[in-house]
Amino acid sequence: MNPTSFIDADLDKAFFDTIYLEQILAMFDLFPDTICWVKNKKGQIMYANQPFVTHIGVKSVAEVLGKTDFDFSPPHIAKQFVVDDQKVMAGTSVTERLEINQLEGSADVAWFVTSKRPLMSKGGEVIGSYGMSRQLDKNGLTLTGLDAVSVPVEYIRENFMQPLMLAEVAAISHLSISALERRFKKYLNITPKQFISQVRLEHARKLLIETNLPISDVAHQSGFSDNSYFSRQFMAYFDELPSHLRKKYQTQDELSFLLEPINL
């Protein structure tokens with residue numbers, strides 16, 4: 001793909017060659033609810049707008065440049081970002097993907113719509129990736145159709161510690177089980193069962209890091225009645241056992257934490 005194909009051949013291309021790049025990038029600071037970034041092939045952040053800086057909780061862009069997702073996100077989340085970026089650079093564009101993400105410095109979550117593209121050089125080579133993610137307010141939820149799953153999502157988030165049956169969630173949502181599953185696949189690209197499991201596992205991870213509760217209690221308070229099943233699910237989702245994650249945080253071994261190999 002020609003990176004300048006959007007320019008009309010009849011226009012003076014030299015005009016675009018004279019544009020001060022930083023001035024164009026500064027334009028993205030004008031979108032207060034949208035975080036924007038550019039990464040090289042190594043996943044290092046080469047550009048970030050001010051909302052991105054605010055979102056990850058640092059004071060300036062200088063603290064972001066040259067860093068990777070592992071510097072700002074939990075390892076399991078950073079790995080997901082890396083895998084996602086690798087897919088994008090391989091040709092899988094992401095357009096208006098709906099996501100539920102945890103807000104920085106808070107236990108609250110919010111809806112985001114995310115788009116990503118491969119970054120091309122003037123010679124047409126892939127040299128990285130770029131993207132933007134916008135947090136949706138209530139009006140945005142309605143416009144995207146996400147209000148269609150807001151009731152079951154909130155119900156699951158409020159009751160995940162208890163045994164949950166799909167029939168129960170469907171009834172609360174005034175839907176059949178099959179209709180509930182179709183809506184989750186359409187708007188979140190996962191099944192209701194997968195969403196329930198993700199909510200429980202994220203809560204378990206939070207308890208493992210922030211408390212000294214026995215792992216069996218962590219499992220129980222996160223909606224898992226069987227400790228062995230909890231450990232298997234945790235391993236499958238986070239690529240490590242609950243005890244391993246807790247040990248790493250408690251020993252503050254941040255260096256080994258960041259240098260773990262990523263299995264793509």
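Bear in mind these aren't lab numbers, they're just calculated from the coordinates by the rules spelled out. Small disclaimer: the values here were computed from a predicted structure and weren't measured.
Summary of computed values
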| item | result |
| --- | --- |
| Those lysines that a straight Cα-Cα span of less than 23 Å connects to residue 39, excepting residues fewer than 8 apart in one chain | 59, 67, 79, 87, 116, 122 |
| Amide hydrogen neighbours beyond the local backbone of residue 119, cut-off 5 Å, H modeled | 127, 128, 129, 130 |
| Karplus-derived 3J(HN,Hα), 6.51/-1.76/1.60, for each residue of the stretch 124-129, Hz, glycine and proline x | x, 8, 6, 10, x, 8 |
| For the stretch 40-102, diffusion coefficient by Stokes-Einstein and Kirkwood Rh (Cα), 10 °C, 1.306 mPa s, µm²/s | 124 |
| For the stretch 17-140: rounded, prolate or oblate by the Cα gyration tensor [a/c cutoff 1.5] | rounded |
